[in-house]
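Undergrad: Below are the structure tokens for one structure; questions will follow.
Laboratory data are not the source of any read-out in this text; all were calculated from the coordinates shown. Fair warning: this is a prediction, and the values are worked out from it, not measured in the lab. No Cβ is skipped: glycine too gets one built from the backbone with ideal geometry, and neighbour counts run over all protein chains shown.
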Amino acid sequence: MNVASDGDMVRRVARVRAVIEAAAVRCGRDPSTITLVAASKGASRAQIDAARRAGLTVFGENRVQEAYEKFDPPGSDDDRRRRGEVHLIGPLQTNKVKRAVGFFDLIHSVDRLALAEAIQREAARRSMTQAVLVQVNIGAEATKHGVLPDATSSLVEAVRSLPNVSLLGLMAIPPVADDPERARPWFSRLRQLAVSLKLPRLSMGMSSDFEVAIEEGASWIRIGSALFGHRR
Ligand SMILES: *Cc1c(COP(=O)(O)O)cnc(C)c1O
């Protein structure tokens, strides 16, 4: 066991949790309504185990294959407790849907109807319901995944009609900025869009801007480098 890295992880988790608490208190929110998703892309199994020992229970992976290599499939209730939740936070290709459905507790990146329909077919085949978020390209950037803001309402309505897909909210990655305050208008816009669609829960905020995201109503924050160190 690597005692030094365990202590390091414990300190990092404590620091992030303290910032979450403070941000929540500042804007009158209950900190327990904010879920810390540890963005573990590039982190090893050993680092993920250290994160578990430090109390983290929800992990977010970007790629289906990498998630399969690092996390066991959900099995018995006992296994599930040890595994925690595993979310897909990166883009999903339609040809990976069969492996993603049922493996991920929440898919954050549904951005087109064909993908939602493929998830529906696989979930129905397994007699289960797959929880998803619709990813919005909130800054309408050419290089980003996500449905455009103007097209979000029709995608949301279509996803809502799928019986084996449970739509919990919206996700976005705002345009990159060096000052977290510059992310605020995008977070606020995502919240307004979600409210207008009666979808109150939002996945937004990363290591550099999660305090602002919490102030703007984030339910899930996806934190990588602040927990696992700088981008690998
Ligand atoms: C890597 C990643 C994160 C975490 O980013 P950090 O800046 O390292 O906190 C969050 N969301 C997605 C989709 C990511 O790919």
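Undergrad: Which members of the range 208-226 meet the condition of being touching a Leu at 6+ places or on another chain (Cβ under 8 Å) and within 8 Å of the ligand (Cβ to nearest atom)?
TA: Matches in the range 208-226: Ile223 only.
Undergrad: Can you tell me how many residues in the range 75-92 are of a type in the set (Asp, Glu) and under 28 Å from Leu113 (Cα atoms)? First the steps, then the outcome.
TA: The initial filter retains those residues of the range 75-92 that are of a type in the set (Asp, Glu), namely 77-79, 85.
Narrowing further to those that are under 28 Å from Leu113 (Cα atoms): 85.
Qualifying residue count, the range 75-92: 1.
Undergrad: Further question on the same structure: How many of the residues in the range 136-157 are assigned to a helix (DSSP H, G or I), free of Cβ contacts under 8 Å to residues at least 12 places away in the same chain and closer than 20 Å to Gly205 by Cα? Steps first, answer last, please.
TA: Narrowing the range 136-157 to residues assigned to a helix (DSSP H, G or I): 149-157.
Then drop every residue that is not free of Cβ contacts under 8 Å to residues at least 12 places away in the same chain, which leaves 150-151, 154, 157.
The next check asks that each one be closer than 20 Å to Gly205 by Cα; those that pass are none.
Counting residues in the range 136-157 that are assigned to a helix (DSSP H, G or I), free of Cβ contacts under 8 Å to residues at least 12 places away in the same chain and closer than 20 Å to Gly205 by Cα gives 0.
Undergrad: Right, another one. So if I check each of Ala177, Ala100, which one is in contact with a Ser or Thr (Cβ under 9 Å, 6 or more places away or on another chain), small (Gly, Ala, Ser) and within 16 Å of the ligand (Cβ to nearest atom)?
TA: Values: Ala100 fails: in contact with a Ser or Thr (Cβ under 9 Å, 6 or more places away or on another chain).
Exactly one residue qualifies, and that residue is Ala177.
Undergrad: OK, next. State which residue is surrounded by the fewest Cβ atoms within 10 Å (Cβ to Cβ) when the search covers only the range 35-53 and only residues that are of a type outside the set (Gly, Ala, Ser) and away from the ligand (no atom under 15 Å from the Cβ).
TA: The qualifying residue surrounded by the fewest Cβ atoms within 10 Å (Cβ to Cβ) is Arg45.
Undergrad: Within the range 211-220, is even one residue out of contact with any helix residue (DSSP H, G or I) (no Cβ under 7 Å at 6 or more places or on another chain) and either assigned to a strand (DSSP E or B) or surrounded by fewer than 22 Cβ atoms within 10 Å (Cβ to Cβ) (or both)?
TA: For the range 211-220, residues out of contact with any helix residue (DSSP H, G or I) (no Cβ under 7 Å at 6 or more places or on another chain) and either assigned to a strand (DSSP E or B) or surrounded by fewer than 22 Cβ atoms within 10 Å (Cβ to Cβ) (or both): present.
Undergrad: Determine if the range 158-167 includes at least one residue that is part of a loop (DSSP other than H, G, I, E, B) and charged (D, E, K, R).
TA: At the first step, the residues of the range 158-167 found to be part of a loop (DSSP other than H, G, I, E, B) are 161-164.
Keeping just the survivors that are charged (D, E, K, R) gives none.
There is no residue in the range 158-167 that is part of a loop (DSSP other than H, G, I, E, B) and charged (D, E, K, R).
Undergrad: Please tell me if Asp72 is surrounded by 12 or more Cβ atoms within 10 Å (Cβ to Cβ), within 30 Å of Ile119 (Cβ to Cβ), more than 16 Å from the chain's Cα centre (by Cα) and among the acidic types (Asp, Glu). Steps first, please.
TA: On the way: surrounded by 12 or more Cβ atoms within 10 Å (Cβ to Cβ): yes; within 30 Å of Ile119 (Cβ to Cβ): yes; more than 16 Å from the chain's Cα centre (by Cα): yes; among the acidic types (Asp, Glu): yes.
Considered against the rule, which asks whether it is surrounded by 12 or more Cβ atoms within 10 Å (Cβ to Cβ), within 30 Å of Ile119 (Cβ to Cβ), more than 16 Å from the chain's Cα centre (by Cα) and among the acidic types (Asp, Glu), Asp72 comes out as yes.
Undergrad: Considering the range 193-207 alone, what residues qualify as being hydroxyl-bearing (Ser, Thr, Tyr) and either more than 9 Å from the ligand (Cβ to nearest atom) or within 21 Å of Val134 (Cβ to Cβ) (or both)? Don't jump to the end; show me each part of the working.
TA: Filtering the range 193-207 for residues hydroxyl-bearing (Ser, Thr, Tyr) gives 196, 203, 207.
Scanning the range 193-207 gives Ser196, Ser203.
Undergrad: Moving on to the next point. Quick one: count up the residues across the range 60-91 that are among the hydrophobic types (A, V, I, L, M, F, W, C) and in contact with a His (Cβ under 7 Å, 6 or more places away or on another chain).
TA: Filtering the range 60-91 for residues among the hydrophobic types (A, V, I, L, M, F, W, C) gives 64, 67, 71, 86, 88-89.
If we keep only those that are in contact with a His (Cβ under 7 Å, 6 or more places away or on another chain) as well, we get 88-89.
Of the residues in the range 60-91, 2 are among the hydrophobic types (A, V, I, L, M, F, W, C) and in contact with a His (Cβ under 7 Å, 6 or more places away or on another chain).
Undergrad: In addition: Can you pull out the residues in the range 168-190 that are crowded, with 17+ Cβ neighbours inside 10 Å and not in a helix (DSSP H, G or I)?
TA: Leu168, Gly169, Leu170, Met171, Ala172, Ile173, Pro174
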